[in-house]
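A.B. asks: This is the structure I want to talk about, given as structure tokens.
Computed from the coordinates by the stated procedures, all read-outs in this text should not be read as laboratory data. Please read these numbers as outputs of a predicted model, since none were measured by experiment. Here Cβ is always computed from backbone atoms with ideal geometry, including for glycine, and neighbour counts include all displayed protein chains.
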Amino acid sequence: MTESRVPDSGSLDCSVLVVGAGFAGLYAVYAARRLGHSVIGIEAGEDVGGTWYWNRYPGARCDVESVDYSYSFDADLQRDWRWTERYATQPEILAYARHVADRFKLRRHYLFKERVTAASFDEADAAWAVQLAGGGSLRARWIIFAAGSLSTPIRPDIPGIDNFTGETLFTARWPNEPVCFEGKRVGVIGTGASGIQCTPIIARSAAKLTVFQRSPNYSVPAFNRTIPDDEWAQIQASYPERRQKSFASGGGSPHEIDPREVWDIDGAEREALLENGWKKGGVLFAKIFQKQTTDESVNALARDFAEKKIRAIVCDKSLADDLIPTDHPIGTKRICTDSGYFETFNRDNVELVNLRRDPIKAITESGVQTESGTHDLDMLIFATGFDAMTGTITRVDFRGPGGQSMAEAWADGPRTMLGMMVPGFPNLFNITGPGSPSVLANMILGAEQHVDFALGLVTRAEQGGHTMVEPRRDAADAWTAHVDAIARGTLFTQAKSWYMGANVEGKKRTFMPYIGGFGAYIRECEAIRSAGYKGFVFSS
Ligand code: N01
């Protein structure tokens, strides 16, 4: 480690090691440095941006409004950065991440193109001894693990996957250079948010697009548009209130659900609310009525409405049948946000292969072989998802003082205190981890709140003359049971979703994020902090 990068003394290379240069990692570096810590960041990519660095496939766009999916910690940054569209594109979000890195001079803390592969806790020194993929090592007292909830892509276990001789691409590892679809026969495997976003764009120039769908997904149009100057001025004027609402809300954005019991609203008004909710676009359609994701009869109102909308778009009735989900209540898998997805299936150059009727047998040199025949392709795109929430941290060989790895500790599902700390792994903070609102809330505001809480624990430890903090096992068990109990009271556990770990063979089925709401979670954190960080043990 060079001295300029690591201004520290003693046996430590730095006080705080931050893993990841996405929005959580960048904020962690900024906030730790502001508190006077020496900080090193490790990032696998060549530059900052995290998920927005890797997922640069055509059509990638955030499904949270740009003015909400942005940092709140610096009023000047908030004022100076002008979002152009309601839902920002991947290039614009990446430009924002780069702007933040430049503005606050964060890059100089980072080692790019480097990975943490293992870390073991040395109790004598109260330090993590960290191994890097490049062969280096370093020692840090505190680790803020901010490597993202959806950052370990899945390479599906399809026979012959390496045999294809055409171009193979993964949406989650999209190349930097432009990809040309012109005149090509393209196949897309996967119809989650990534597949649904890239499909309409590929269809525009490909000679033929074949979409291989195992499970249909609900998707609501984004109704994206540019943000005119007068609206921008209004947003600026009301930002403090907007942020306040977001931090108190269920999902980290300022939108509110109609407070009335759904059955107290007459039929015509319910229909108007649904229409209005649809026009708000995307994931917001999950938040029209109270109890929409806890009561099947309320959910059915939204589900029937969405089905009618899809049928109105897709001309061929049997195609519409195939595109409408029947296996989960709407919103229990994240509703996708699209720009012309269902319309794409009205095009002559687009074919849907329903893998439930006609499963993939193998990938061959020339394309995809299903039970009914062969689909010859020039390019095959995998939009097959991630080992979400636990996949990235368990792939690092973290060993606490007891010698247990995180993968072993979580073999029966993640057990955490507030989704942030794990008993047996002192001084390790997992930002927006399982057991926190994480992917169910605005990830940028969630990261700010989590990093601040983690650094609050560090400050409290240091002020008390301690070098270690760890959650009590009974406190973590109680929190994990609470997270589980809330999820069981919802319809979410009915879906075979990545929230449940159901997309990864052999992964424990358990609803991973905290679904009690972002505002409620923050209140829980505040209560714990006010009670002297109840449930955490400080020691030296
Ligand atoms: O991944 P997914 P994603 N054979 O897991 C299919 C966020 N995100 O990258 O459902 C055939 O949702 C799989 O089928 P099935 C967002 O939170 C946000 O699209 O397992 N198919 C499924 O259709 C999102 O929820 C944005 O039956 C196979 C698909 O691949 C999350 O990331 C944009 C298969 C995977 O869908 C993940 O989205 C993008 C196989 N062997 C992502 N294996 C926005 O902000 C898997 N599949 C808008």
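A.B. asks: Please state the relative contact order of region 201-284 as a whole percent: Cα pairs under 8 Å, 6+ residues apart?
C.D. replies: It comes to 37 percent, rounded to a whole number.
A.B. asks: Can you list residues from other chains, or at least 5 along the same chain, whose modelled amide H is less than 5 Å from the amide H of Val188?
C.D. replies: Thr210, Val211, Phe212, Ile381
A.B. asks: Based on the Cβ-Cβ distance of Ala300 and Glu167, what FRET efficiency does E = 1/(1 + (r/R0)^6) give at R0 = 60 Å, to the nearest 0.05?
C.D. replies: Working: r = 43 Å, r/R0 = 0.71.
With R0 = 60 Å, the Cβ-Cβ based efficiency is 0.90.
A.B. asks: Starting with the fewest neighbours, write out Lys534, Lys280, Lys208 ranked by other beta-carbon atoms found within 10 Å of each beta-carbon.
C.D. replies: By the 10 Å Cβ count, ascending: Lys534, Lys280, Lys208.
A.B. asks: Out of all Cα-Cα pairs in region 468-520, roughly what percent, to the nearest whole number, are more than 17 Å apart?
C.D. replies: Cα-Cα pairs in region 468-520 separated by more than 17 Å: 45 percent.
A.B. asks: Next up: To the nearest Å, what is the center-to-center distance of region 370-437 and region 196-261, using C-alpha atoms only?
C.D. replies: Value for the Cα centre distance between the two parts: 26 Å.
A.B. asks: Rounded to the nearest 10 degrees, what's the angle between the helix 229-248 long axis and the longest principal axis of the chain, both from Cα atoms, 0 to 90?
C.D. replies: Value to nearest ten degrees: 60.
A.B. asks: If I model a spin label as a point 7 Å beyond the Cα along the Cα-Cβ vector, how far apart are those points for Ala118 and Arg225 in nm?
C.D. replies: 5.7 nm
A.B. asks: Let me ask something else. Run the dipole for the chain about the Cα centre, Lys and Arg Cβ at +1, Asp and Glu Cβ at -1, nothing else charged, and hand back the magnitude in debye, nearest 20.
C.D. replies: In total the dipole reaches around 400 debye.
A.B. asks: Could you pull out the pairs from Lys245/Lys279; Lys245/Lys287; Lys333/Lys496 whose alpha carbons sit more than 18 Å apart here?
C.D. replies: Too far apart for the 18 Å limit: Lys245/Lys279.
A.B. asks: Report the GluC sites (Glu not before Pro) located in region 319-392 that are in a DSSP loop and have at most 16 other Cβ atoms inside 10 Å of their Cβ, or state none. If you can, show how the numbers build up before the last one.
C.D. replies: Details: sites: Glu343, Glu351, Glu365, Glu371; in loops: Glu365, Glu371.
Sparse-neighbourhood loop GluC sites (Glu not before Pro): Glu365, Glu371.
A.B. asks: Starting from the Kirkwood radius over alpha-carbon pairs of the chain, derive D by Stokes-Einstein at 37 °C in a medium of 0.692 mPa s and give it in µm² s⁻¹.
C.D. replies: Result for D is 135 µm²/s.
A.B. asks: Per DSSP H run of at least 4 residues, take -39500 (n - 2.57); add these up for the chain, divide by its residues and hand me the 222 nm value, nearest 500 deg cm²/dmol.
C.D. replies: Counting only the DSSP helices, I get -9500 deg cm²/dmol.
A.B. asks: How much of the calculated P(r) for region 199-331 lies past 22 Å, in percent of all Cα pairs? Mind dumping the intermediate values first?
C.D. replies: Values: 4433 of 8778 pairs.
Percent of Cα pairs beyond 22 Å in region 199-331: 51.
A.B. asks: Based only on the alpha carbon positions, what is the Kirkwood hydrodynamic radius of region 182-266, in angstrom?
C.D. replies: With all distinct Cα pairs of region 182-266 included, I get 17.1 Å.
A.B. asks: If you fit an axis through the alpha-carbon atoms of helix 443-463 and take the longest principal axis of the Cα set of the chain, what angle between them do you get, 0 to 90°, nearest 10?
C.D. replies: Compared with the principal axis, the helix lies near 10 degrees.
A.B. asks: Go through region 341-346 residue by residue and turn each phi into a ³J(HN,Hα) via Karplus (6.51, -1.76, 1.60, θ = phi - 60°); whole Hz please, and just put x for glycine and proline.
C.D. replies: With the stated coefficients, region 341-346 comes to 5, 5, 4, 4, 7, 8 Hz.
A.B. asks: Separate question: Hey, what angle do you get for helix 267-280 against the long axis of the chain, alpha-carbon based, 0 to 90 degrees rounded to 10?
C.D. replies: The angle comes out near 70 degrees.
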